[in-house]
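Reviewing the structure listed below.
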Amino acid sequence: MAHPAELDRVGVVLVSHSREVASATAALAIGLVGSGDPAPVGTAGGTADGRLGTSAELVLAAAKRVDQGMGVVLLSDLGSAVLTVKSLLAEADSNGLPFPTRFANAPFVEGAIAAVVTASAGGDLAAVVDAAEDAYRFRKG
């Protein structure tokens, strides 16, 4: 989906061990954009057969779906999801991962919201990664 000003935007992919967690986090982030025109958001939750886990194939497919030529930011929840993303990035030239793609070292929910809101506002790749990573500084009390 193109931005109304015909500007392509950074895509965001949420990688979780759970399809439900990835989908719910994406829905929350999109809902908080408020403009009705969110940046492209993809999810790669669980395995291809619906179990808990991570799938490099699902991450790669989601990254390709959200790529509008401005870059893709990957956020992951924990453990093997982080390793899956890092493995894909290490082999990006051979696996067809869109260029440029960056991993945001960020808390999953807060980072996803910050990334999607920033990408939706037209932020570039560096701004989207920075917004997600800044979410570690959000104080809740």
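The values are calculated or read from the model by the stated rules, or taken from the named source; none is laboratory data. Keep in mind that this is a model prediction, so the values were computed, not measured. Every residue, glycine as well, gets a Cβ built from its backbone with ideal geometry; the counts of neighbours run over all protein chains shown. Heavy atoms of the whole protein, side chains included, go into the accessibility calculation; ligands, DNA and RNA do not. Shrake-Rupley method; radii C 1.70, N 1.55, O 1.52, S 1.80 Å.
Accessible area per residue for segment 1-104, computed on protein heavy atoms with a 1.4 Å probe, is 49 Å². Loop exposure criterion: GluC sites (Glu not before Pro), DSSP state outside H, G, I, E and B, at most 13 other Cβ atoms within 10 Å. Applied to the chain, the longest stretch between such sites is 7-90. Considering only alpha-carbon pairs that sit under 8 angstrom and 6 or more positions apart, the relative contact order computed for segment 40-91 is 32 percent. Exposed loop sites here are trypsin sites (Lys or Arg not before Pro) in DSSP loop states with at most 11 other C-beta atoms within 10 Å. What is the longest stretch of the chain lacking them? Formally, the longest exposed-site-free interval is 52-138.
Based on DSSP H segments of at least four residues, each scored -39500 (n - 2.57), the chain has a per-residue ellipticity at 222 nm of -13500 deg cm²/dmol.
Students often get this wrong: which residues of segment 107-141 have the backbone nitrogen under 19 Å from the point 7 angstrom along Cα-to-C-beta of residue 99? 125-126, by backbone N distance to the label point. For the chain, the spherically averaged projection of the C-alpha convex hull amounts to 8.1 nm². The calculated FRET efficiency for residue 61 paired with residue 137, based on their beta-carbon distance and R0 = 22 Å, is about 0.10.
Distance between the 7 Å Cα→Cβ label points at residue 20 and residue 124: 4.1 nm. Only protein atoms count toward the accessible area here, which uses a 1.4 Å probe; on the chain, the carbon and sulfur part of that area reaches 57 percent.
Across the chain, the relative contact order, built from alpha-carbon pairs under 8 Å that are at least six residues apart, equals 29 percent.
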